[in-house]
Amino acid sequence: MSNYHIKHLEEYYQVYRKSVRNPENFWEEIAEEHFLWRKKWDKVLEWDFSKPEVKWFQGAQLNITENCIDRHLATRGDKTAILFEPNDPNEGAEHITYRQLYHRVNKFANVLKEQGVKKGDRVCIYVPMIPELAISVLACARIGAIHSVVFAGFSATALATRINDSDCKVVITADGSFRGSKTIDLKGIVDEALEDCEGVNTVLVAKRIDSDIQMKEGRDLWLQPLLDAASDQCKAELMQAEDPLFILYTSGSTGKPKGMVHTTAGYMVYTAYSFKNAFQYRENDVYWCTADIGWITGHSYIVYGPLCNGATTVLFEGVPSYPDFGRFWDIVEKHKVNQFYTAPTAIRALAKQGGDLVEKYNLSSLKVLGSVGEPINEEAWHWYNDNVGKGKSPIIDSWWQTETGGIMITPIPYVTPTKPTYATLPFIGIQPCLMDENGNELKGNQVEGRLCVKFPWPSIARTIWGNHQRYKDTYFSSFENKYFTGDGALRDEVGYYRITGRVDDVIIVSGHNLGTAPIEDAINEHQAISESAIVGFPHDVKGSALYGYITLKDTGEYRKQDNLRKEINQLISDKIGPIAKLDKIQFTEGLPKTRSGKIMRRILRKIAEKDTSNLGDISTLLNPECVQDIIDNAL
Ligand code: WTA
């Protein structure tokens, strides 16, 4: 028997050692015993970080949906696979069994085929958190089409950029979405985006809010009649281990978003194995991850990881504040949720409401609490532990990234003793290291540096869609032969890791990664603006919020107009999405620059953090005189 399910600390250390001493044997054993292969691999691993190139299970053939669905039919056909909890609690939950999921995915896959979608084609999915979202993802995987899910909170411009970057011919969407007491006109956003997407010839529209929308003749089709007419049998496409499974965009510190490419076999093996252990999932548990499938957390730990293990996974359409701030706990009680996985920003927002709303509900089903997406501060950790977990459910503070595909550093609940704000130990097979700025590895404990990974793991992204050079430059050129995460971290006296935050120009706002450059580009399009610089500052709910320093072309005239702040945020909403709006906007006479003309963000960051005691030597700046003025007028 391989070590598929780790149950105590000694076993963790033993399995961990095995996984790093002989990774190929280790992953081969896991792959061999726990998945359905149409053909086994010829070679477990081939890699070279200098190219960079990583290939797992070469020669193997499989389809991930047979692993997520078909193989459970015999033993779990009537078990709930997806438990859909709608935005409006009065609408009632929907239990989709594995058998029903099988039929619905097959029907959807046949619809895609009828629309001419073939293996390797890219399909953009811009759908709210309704069952069709998970089903469309799986339908693409069934026929070997590469899905590119775009979070349904992104703007038309952001959607168009992503559709064009990966050349999607088909877009799947809905007439609209429910978000708390609001509805959002998703189809309208798609229509606007498609004005700039010549390559799209088909739009499949799910009905959700029943609004009166425009359907473009020859392009737009209602999904339901097509599904009704389609066969519920669809042979799974035979995929090679390294065939792309999906593209998912993530923000970079510069330029356009990066389409991270994940491939089939390694991604499947790692997400399934990490799900089982990081959540200690047991048969008949009800597992709930509150993320949106539009992000990697939803891909790996709402859809693929849980379904591969035959789990029941909750899919929640709504928001934590609707109808009131007790909604999460209401759902936990109603569905007797055993594992609950959310983001620190949600925890802080709920903590702000006090403990009363938690007390009203019976949360005794909870066994494991998870946190992901940004560093969890000590206060939020304790609130979560005391009020939600009642001190008995371990919190797994799990660190990972869109690029890593799966959880990388995390306590294993009931196995690894937890420590507030620490992601603790590397997961099985993961070899992290800390580097100093000169490229030396920091050995031993009680050190702090840049977080890298030394050895490939099965679910590492293989490239950036259409730009392998950027993949190499971003992740493999800072430190020789290492994957660089963009995060800083420290290792304590027992070897536990604590993630200290981004060391590049990515700012995490409410758990969403935002690159500063695209926001600045959006702002600079305003006719009154000459230049801008965005930095993060601490925010009690969002973790970080955005502070914009903006210089106007013609000072004075515009400055008095509060409208300008609104216009700037509107521009950001239109170009990127409301999540990227600035909390603070300061108009400045100039921005501090180095002699080579680069904006000194370090200084602006300190001012935004209200820490001006030690700005360092500013005399070497091109324009040191502007600094005092910025400090005097800081918000
Ligand atoms: C941050 C989300 C501290 C980190 C799965 C990383 C975290 C970025 C944690 C990736 C954590 C994620 N503690 N920071 N537990 N988890 N991060 O791509 O900066 O949306 O690089 O993937 O989020 O965000 P992404």
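Annotation: of all residues in the stretch 408-464 being of a type in the set (Lys, Arg) and farther than 21 Å from residue 372 by Cα, the one that is farthest from the ligand (Cβ to nearest atom) is 443.
Residues checked against (1) at pLDDT 90 or above; (2) open to solvent by 10 Å² or more (accessible area, probe 1.4 Å); (3) closer than 19 Å to residue 400 by Cα:
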position: 486; (1), (2), (3): yes, no, yes
position: 494; (1), (2), (3): yes, yes, no
position: 508; (1), (2), (3): yes, yes, yes
position: 522; (1), (2), (3): yes, no, no
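In summary, helices (runs of 4 or more DSSP H) completely within the stretch 1-68 and bearing 2 or more residues that are of a type in the set (Phe, Trp, Tyr) occur at 9-21, 23-34. Taking first residues from the stretch 361-383 that are touching a residue at least 24 places away in the same chain (Cβ under 8 Å) and partners that are open to solvent by 60 Å² or more (accessible area, probe 1.4 Å), the Cβ contacts under 6 Å between residues at least 6 apart in sequence or on separate chains come to 361/333; 362/333; 365/336.
In the set 358, 269, 303, which member is open to solvent by less than 10 Å² (accessible area, probe 1.4 Å), within 16 Å of the ligand (Cβ to nearest atom), part of a helix (DSSP H, G or I) and at negative phi? The conditions single out 303.
Among the numbered conditions (1) in a loop (DSSP other than H, G, I, E, B); (2) at pLDDT below 95; (3) over 21 Å from the mean Cα position of the chain (by Cα), the only one that residue 364 does not meet is (2). Using the structure shown, decide if residue 67 is open to solvent by less than 60 Å² (accessible area, probe 1.4 Å), in contact with a strand residue (DSSP E or B) (Cβ under 6 Å, 6 or more places away or on another chain) and in contact (Cβ under 8 Å) with a residue 24 or more places away in the chain. The answer is no for residue 67. For the stretch 314-348, the tally of residues that are within 26 Å of residue 282 (Cβ to Cβ), outside any strand (DSSP E or B) and β-branched (Val, Ile, Thr) stands at 4.
When each of 553, 542 is tested for being surrounded by fewer than 21 Cβ atoms within 10 Å (Cβ to Cβ) and outside the structural domain of residue 419 (by TED's automatic domain parsing), the lone residue that passes is 553. Of everything in the stretch 361-381 that is within 14 Å of residue 332 (Cα to Cα) and aliphatic (A, V, I, L, M), the residue that is farthest from the ligand (Cβ to nearest atom) is 363. Cβ-Cβ distances below 6 Å connect the following pairs, each with a first residue in the stretch 6-18 that is farther than 9 Å from residue 415 by Cα, a second residue that is among the hydrophobic types (A, V, I, L, M, F, W, C), and a separation of six or more residues or different chains: 15/6; 15/428; 16/428; 18/26. Of the residues that make up the stretch 76-93, is at least one among the hydroxyl-bearing types (Ser, Thr, Tyr), modelled with pLDDT of 95 or more, open to solvent by less than 10 Å² (accessible area, probe 1.4 Å) and more than 19 Å from residue 172 (Cα to Cα)? Among the residues of the stretch 76-93, not one is among the hydroxyl-bearing types (Ser, Thr, Tyr), modelled with pLDDT of 95 or more, open to solvent by less than 10 Å² (accessible area, probe 1.4 Å) and more than 19 Å from residue 172 (Cα to Cα), which makes the answer no. Residues in the stretch 486-506 that are under 29 Å from residue 569 (Cβ atoms) and either more than 10 Å from the ligand (Cβ to nearest atom) or among the small types (Gly, Ala, Ser) (or both): 486, 501, 505.
The values are calculated or read from the model by the stated rules, or taken from the named source; none is laboratory data. Computed from a prediction, not measured in an experiment: that's the story for all the values here. FYI the Cβ positions are ideal-geometry reconstructions off the backbone, even for glycines, and counts take in every protein chain you see. Ligands, DNA and RNA are excluded from the accessible area calculation, which covers all protein heavy atoms including side chains. Shrake-Rupley method; radii C 1.70, N 1.55, O 1.52, S 1.80 Å.
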